[in-house]
Structure formats: structure tokens, C-alpha cells
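Presented below is the structure to which this report refers.
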Amino acid sequence: MTAASSIHINMFGPHPLVVHGSAEQKSQWLPRLVRGEDQVCFGVTEPDAGLNTTNIKTFARKVDGGYRVSGRKMWTSTGQVANKILLLTRTAPKSEGKKPTDGITLFYTDLDRNKVEVRRIAKHGRNAVDSNAVFIDDLFVPNEHRIGEEGKGFTYLLDGINPERILVGVEAIGIGADALQRAVRYAQERIVFDRPIGQNQGIQHPLAECWLNLQAALMMADRAAHLYDAGQPCGAEANGTKLLGARAGYQACLQAVMTHGGMGYAKEYTVERLLREVMIARLAPVSEQMILCFIAEKVLHLPRSY
Ligand SMILES: Cc1cc2nc3c(=O)[nH]c(=O)nc-3n(C[C@H](O)[C@H](O)[C@H](O)COP(=O)(O)OP(=O)(O)OC[C@H]3O[C@@H](n4cnc5c(N)ncnc54)[C@H](O)[C@@H]3O)c2cc1C
């Protein structure tokens with residue numbers, strides 16, 4: 001997960017640029033990203049908005065030739081090493097738009113450390129990639145760094161999220177599959193009461209369930225990825241992959257720790273680390289509650305609850 005994160009942030013973060021950037025922007029920025037000459041971080045989440053993204057406060061004020069941006073971002077991954085930032089801002093207050101998503105503008109710009117302070121957050125896992133609180137103070141962003149039209153940034157952002165959700169779900173399935181393999185090996189080797197612990201149904205059945213859940217999540221991932229590649233709507237399946245994959249991965253890691261008994265707590269057997277690393281897939285890039293709200297509203301056509 002840690003290694004994959006260091007790569008996938010550069011792939012999915014800037015996806016709105018791939019879809020909505022001008023030909024000039026793409027030829028100027030994308031080859032540098034692909035060659036690893038630029039590293040981009042993804043500035044969406046804010047401390048006071050949370051999952052209610054339309055409540056962001058970071059504001060880009062129009063001035064001659066560009067914008068002056070001030071505000072705060074939270075959890076910005078790779079902010080310590082990035083030289084670019086995909087930055088979501090408001091260019092008009094929420095109250096002035098017809099829809100809450102109006103008035104949001106997206107930029108791809110330089111992370112000028114004279115104007116942006118990046119403070120590292122100490123955290124539970126995924127430590128190959130830094131996470132940060134970001135403070136932006138009067139950063140000048142030229143017009144040429146705006147992606148697409150002013151005020152339409154929220155819709156551009158949506159283009160990157162489905163593939164990211166599929167990927168994160170699959171990463172969690174991968175961690176879970178590794179944990180399951182380790183648990184099965186230990187269950188075969190560890191002898192207690194004169195027999196392998198894996199001969200007991202109390203050990204076998206939870207592991208068998210983990211296998212089934214991982215397989216089911218992988219099938220959902222396969223379906224979501226096929227739909228995405230075919231250019232068809234895949235919101236339900238992509239969100240479903242994220243939720244099912246993260247839960248199946250988490251359950252397998254937890255069960256692997258339990259199967260190892262006390263040794264599950266020892267670093268030597270790695271499963272405690274897998275449990276730590278899989279946790280992030282349940283929390284980000286979107287929470288399970290928000291996914292369930294999405295399915296309830298968009299698939300089951302129940303009234304929006306929030
Ligand atoms: C390690 C890490 C890396 C990250 N990297 C980035 C990054 O690079 N860029 C970036 O922009 N963001 C990043 N994030 C942020 C991440 O996307 C958010 O943490 C996540 O989307 C949840 O938002 P929040 O923490 O503000 O939760 P909150 O919005 O504070 O929600 C807290 C809890 O309340 C629940 N909740 C809220 N409203 C409702 C409701 N109406 N009904 C039911 N439940 C509700 C949520 O589901 C959640 O469980 C990262 C986070 C982490 C932990």
C-alpha cells in the first residue's frame with residue numbers, strides 16, 4: 001500500500017488535467033509528471049469542510065492576470081516532496097451559486113513554499129508517503145494554471161474519483177490476500193493440542209469466509225474496471241469496490257492477526273503491519289457512510305439523507 005500510494009497519487013490526482021486540460025497545458029505538464037520530473041499533491045480536503053466538499057473555504061480572488069489564493073488544506077499527501085498542487089478553491093461563495101457545486105474552481109499550479117506552509121501529520125500507517133496540513137497565504141496563481149472554466153471545478157474533480165476508488169479497493173484486496181496466505185500457512189504449521197490449529201473449524205471457517213469476501217470484492221472490481229474502460233457509468237461499482245475491497249481486506253488482516261494468536265502482535269510475522277496498512281482503505285478517499293449514501297440515493301432511489 002505504501003509503495004503503491006507513492007505512485008498512484010501522481011496518476012489519479014491529476015486525472016482532471018488529462019480530461020479537461022487544454023492541449024497546451026497537457027503538453028507542458030503531463031510528460032514531466034510521467035517522467036517523474038514533477039510530483040503533484042492533491043489539495044481537496046479541508047479541516048472545516050470534511051466530506052462536505054462544497055463547504056471548502058480556500059478562496060481564489062480574481063486579480064490582473066490570475067488569482068490570489070488563501071486557505072487551508074488537510075491530509076494533503078506527498079506535500080513534503082511535491083512541487084505542484086492540484087488545488088480546489090472557491091471563486092464564488094456557495095450562497096451565490098444556483099447549486100452548491102457552482103463557484104468551485106480547479107488549478108494545477110506550483111507549490112510555492114514562500115506562500116505555502118506544509119506541516120507533516122504523524123500517523124498510523126502508510127508512512128512511505130507523507131500526509132500534511134497545508135496553509136496557503138496569498139499564493140498568486142496565473143490564469144494559465146486554471147483547469148477548464150472558472151466555477152466548474154467540482155465536476156472536473158469527479159473524473160478522477162472512480163478509477164481511484166477501484167484502485168484503492170484492489171490495493172486492499174491485495175493486502176488481504178497476502179494476510180490470508182500468511183494466516184493459512186501459520187494455521188498449517190502451528191501445532192497446539194497435538195494438531196495443527198488449522199484443523200479446527202473455529203480457525204478454518206473465518207479464513208474460508210475471508211477468501212469468499214476477497215473473491216466477491218475482486219469480482220466487483222473487475223466489473224467496475226470493465227465498465228470504466230468501456231466509458232460507461234461505473235459510480236456504483238467503483239464505490240462498491242472501494243467499500244467491499246476495504247472491508248474484505250480489513251477482515252482478512254484482522255483474522256490473520258487472530259489466527260497467529262500472540263504472534264499476531266509480533267512484528268516478526270508482518271500481519272500486524274498489514275492490519276495497520278489496510279485501515280486507510282476503509283477511511284479514504286471516501287468514507288463507507290458516504291458510499292452507502294450514494295448507493296441508497298443513486299441506485300435505490302431513496303431520498304438523499306444529508
Ligand atoms: C492518510 C490519508 C491521506 C489522505 N490524502 C488526501 C489527499 O492527498 N488529498 C486530500 O484532499 N485528502 C486526503 N485525505 C482526506 C480523506 O479523503 C478524508 O479524510 C476522507 O475523505 C474523510 O473526510 P474527513 O476526514 O474530513 O471526515 P469527516 O467529513 O470529518 O467525517 C467523519 C466521519 O463522519 C461521517 N459522516 C459525515 N457526514 C455524514 C453523514 N451525513 N452521514 C453519515 N456519516 C457521516 C463520515 O463518513 C466519517 O466517517 C487523506 C486522508 C488520510 C487519512
Legend entry - Distribution of pairwise C-alpha distances over the range 2-151, 5 Å bins, in %: 2, 10, 20, 23, 22, 15, 7, 2, 0
Inset, instruction - First measure r as the distance between the Cβ atoms of Asn143 and Ile191, then evaluate 1/(1 + (r/R0)^6) with R0 = 51 Å and state the FRET efficiency to the nearest 0.05. - result: 0.15
Legend entry - Overall form of the range 64-175 per C-alpha gyration tensor (a/c, 1.5; a/b vs b/c): oblate
Inset, instruction - Please calculate the 1.4 Å probe accessible area of Trp211, with all protein chains present, and give it to the nearest 10 Å². - result: 130 Å²
Legend entry - Radius of gyration and Dmax over the Cα atoms of the chain, both given in Å: 21.7, 80
Inset, instruction - Tell me which residues come under 5 Å, amide H to amide H, from Cys41 once H is placed; ignore anything under 5 positions away on its chain. - result: Lys84, Ile85, Leu86
Legend entry - Whole-Å distance, taken between Cα centres, linking the range 158-206 and the range 263-306: 16 Å
Inset, instruction - Kindly identify the range 122-241 as rounded, prolate or oblate by the Cα gyration tensor criterion: order the square roots of the eigenvalues as a ≥ b ≥ c, call it rounded if a/c is under 1.5, otherwise compare a/b with b/c, prolate if a/b is larger, else oblate. - result: oblate
Inset, instruction - Apply the membrane-span-like helix rule to the chain: whole DSSP H runs, Cα extent along the own long axis of at least 18 Å, mean Kyte-Doolittle hydropathy at least 0.0. List the helices found. - result: 153-189, 201-229, 235-259, 271-283
Legend entry - Residue (of Thr155, Ala49, Met11) at the positive-pole extreme of the chain, dipole from beta-carbon charges: Ala49
Inset, instruction - Rank these residues by their accessible area, most exposed first, probe 1.4 Å: Glu297, Glu268. - result: Glu268, Glu297
Legend entry - Glu297-Glu268 pseudo-label distance in nm [points 7 Å out on the Cα-to-Cβ vector]: 5.1 nm
Inset, instruction - Enter the accessible area of Phe294 (Å², nearest 10), with the probe set to 1.4 Å and all protein chains included. - result: 60 Å²
Legend entry - Among Ala221, Leu275, Ser70 - extreme Cα towards positive end, dipole of the chain, charges at beta-carbon: Ser70
Legend entry - Cα-based Rg and Dmax for the range 86-130, where Dmax is the largest Cα-Cα distance (Å): 15.6, 42
Legend entry - Estimated FRET transfer efficiency (Lys26, Asn114; beta-carbon r; R0 22 Å; 0.05): 0.20
Legend entry - Relative contact order of the range 2-151, defined on C-alpha pairs under 8 angstrom at six or more residues apart (%): 27 percent
Inset, instruction - Distance from a point 7 Å along Cα→Cβ of Lys123 to each backbone N in the range 226-261: keep the residues under 17 Å and list them by number. - result: 246
Inset, instruction - May I ask you to give the solvent-accessible area per residue for the chain, in square angstrom, as obtained with a 1.4 angstrom probe? - result: 51 Å²
Legend entry - Asn200/Phe135 FRET efficiency (R0 45 Å; Cβ-Cβ; nearest 0.05): 0.25
Inset, instruction - Under 1.5 on a/c is rounded, so check that first for the range 159-299, then, if it is not, pick prolate when a/b is larger than b/c and oblate when it is not; a ≥ b ≥ c are the square roots of the alpha carbon gyration tensor eigenvalues. - result: prolate
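The values are calculated or read from the model by the stated rules, or taken from the named source; none is laboratory data. Computed from a prediction, not measured in an experiment: that's the story for all the values here. Cβ sites come from the backbone with ideal geometry, for glycine too, and all protein chains shown count toward neighbours. Ligands, DNA and RNA are excluded from the accessible area calculation, which covers all protein heavy atoms including side chains. Shrake-Rupley method; radii C 1.70, N 1.55, O 1.52, S 1.80 Å.
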